[in-house]
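Structure, as structure tokens:
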Amino acid sequence: MVTKENRVGEKMNIREKIVNILVERLSVEIEDRNNIDYNLDLFSSDEEEGFGLDSVDALEIVVAVKNEFGIDLRNVEDIKSILKNINTLASYIERQQ
């Protein structure tokens, strides 16, 4: 039986995997993984507002999501809004699973 607690745990696991992708594949420096604002823009160049990723990083995220979750983002219509931040990406992945 799927409970609310299981779904919350699943989403946290997805977020953790996304953070791992950012750190391990894109070399994003995150000082405290336990204190991440999952609403920070992935592609904002302002360090206070985001992670500062670029279009090459977006391609790497697409490949990593395919490898990690089996979800192909290449032909997704609204990819920009899905890749806005960790929360939007995690929500999309959760809906696709």
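The values are calculated or read from the model by the stated rules, or taken from the named source; none is laboratory data. Everything numeric in this text was worked out from a predicted model, so none of it was measured. Using ideal geometry, Cβ is built from the backbone for each residue, glycine included, and neighbour counts are taken over all protein chains shown. Just the protein is used for accessible areas: all its heavy atoms, side chains included, with ligands, DNA and RNA removed. Shrake-Rupley method; radii C 1.70, N 1.55, O 1.52, S 1.80 Å.
Exactly one residue out of L83, L53, L40 is aliphatic (A, V, I, L, M), under 23 Å from N13 (Cβ atoms) and touching a Ser or Thr at 6+ places or on another chain (Cβ under 9 Å), and it is L53. Residues in the stretch 74-89 that are out of contact with any Leu (no Cβ under 8 Å at 6 or more places or on another chain) and assigned to a loop (DSSP other than H, G, I, E, B) were compared, and the one that is nearest to L22 (Cα to Cα) is R74.
Scanning the stretch 28-67 for residues that are among the charged types (D, E, K, R), part of a helix (DSSP H, G or I) and open to solvent by less than 70 Å² (accessible area, probe 1.4 Å) yields D57, E60. Quick check, is I71 closer than 17 Å to T88 by Cβ, in a loop (DSSP other than H, G, I, E, B) and under 14 Å from the mean Cα position of the chain (by Cα)? Considered against the rule, which asks whether it is closer than 17 Å to T88 by Cβ, in a loop (DSSP other than H, G, I, E, B) and under 14 Å from the mean Cα position of the chain (by Cα), I71 comes out as yes.
Looking at I61, I21, I79, just one residue is in contact with a helix residue (DSSP H, G or I) (Cβ under 6 Å, 6 or more places away or on another chain) and among the β-branched types (V, I, T), and that residue is I21.
Would you confirm, using the coordinates I've provided, whether K80 is open to solvent by 60 Å² or more (accessible area, probe 1.4 Å) and at pLDDT 95 or above? No.
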